[in-house]
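Here's the structure we're looking at; comments come further down.
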Amino acid sequence: MKRPARTLALVLLLTATGIAGCRIIPEGSAPPSVTPAPASPYAPPAESPDQPFFYTPQDTAPGDLVPSGPAPNGPLSPSREPSPPPASYSGPPLAYTRIGETIHVDGPRVTPLALLEDSRCAVGTQCVWAGRLRVRVRIDLGSRPREVEMTLGQPIQIADGQLELLDALPAPVAGTRPAPFAYQFGFRFMGGF
């Protein structure tokens, strides 16, 4: 009975270290030189409860996991300038985030969990159907978080207002499919009375 438990524990340990990018270093060997990982360009500044963090989405080439533009509130990259959200939306600023990142959206905390579908018509092509973009998100209003499916341009009722996914970047390009982590989602919450 103990042998399967040890085997399972070893398998779990090896899996966890592989996922985390860790290495097991034998005793007596010199530790490898480690360069510190750069800070995430999407980490918000110290949170203040009354002010949500907004950033402008950056250029992302298809297949990139992170954009190569400037970090929010940081210096500009010499190679690229930040790209503004598409001109089709001209309302109040949107709160942008990526899969796995949590953002305050004027009250609720929203975390995109998975890209379920992106069948939007590619730029420069003619389509019979415009397509749609669907994302599974976790919404936390301070009580119990819940997971819902959101579709681009379709608001959902939460608490005393409406949460809407209004923008998704990059726009589809014929013949390419960006990685799910390359997407940036723009949310807006319109509170109640």
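Read-outs: derived from the displayed coordinates by stated rules, not from any lab. All of these numbers come straight from a predicted model, not from anything done at the bench. Note that each Cβ is placed from the backbone with ideal geometry, even for glycine, and that neighbours are counted across all protein chains shown.
Figures for the structure shown
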quantity	calculated
Interchain or long-range residues, amide H under 5 Å from ALA114's placed H	ARG136
Segment LEU166-THR125, length gained on full extension (0.36 nm per residue, minus Cα span)	12.6 nm
3J(HN,Hα) from dihedral phi, the range 179-191, Karplus parametrisation 6.51/-1.76/1.60, rounded to Hz, x for glycine, proline	5, x, 6, 7, 6, 10, 10, x, 10, 9, 10, 10, x
Cα principal axis extents for the range 95-190, largest first, Å	44, 23, 18
Residues with amide H under 5 Å from that of ARG120, placed H, sequence gap 5 or more	ARG132
The range 115-128 - phi-based ³J(HN,Hα) in whole Hz, Karplus 6.51/-1.76/1.60, Gly and Pro as x	7, 8, 7, 9, 10, 4, 5, 5, 4, x, 10, 9, 10, 6
Net charge over other residues, Cβ less than 14 angstrom from the Cβ of GLU147 (K, R count +1; D, E count -1)	+4
Linear extension gain, ARG144 paired with VAL173, 0.36 nm per residue minus alpha-carbon span	6.6 nm
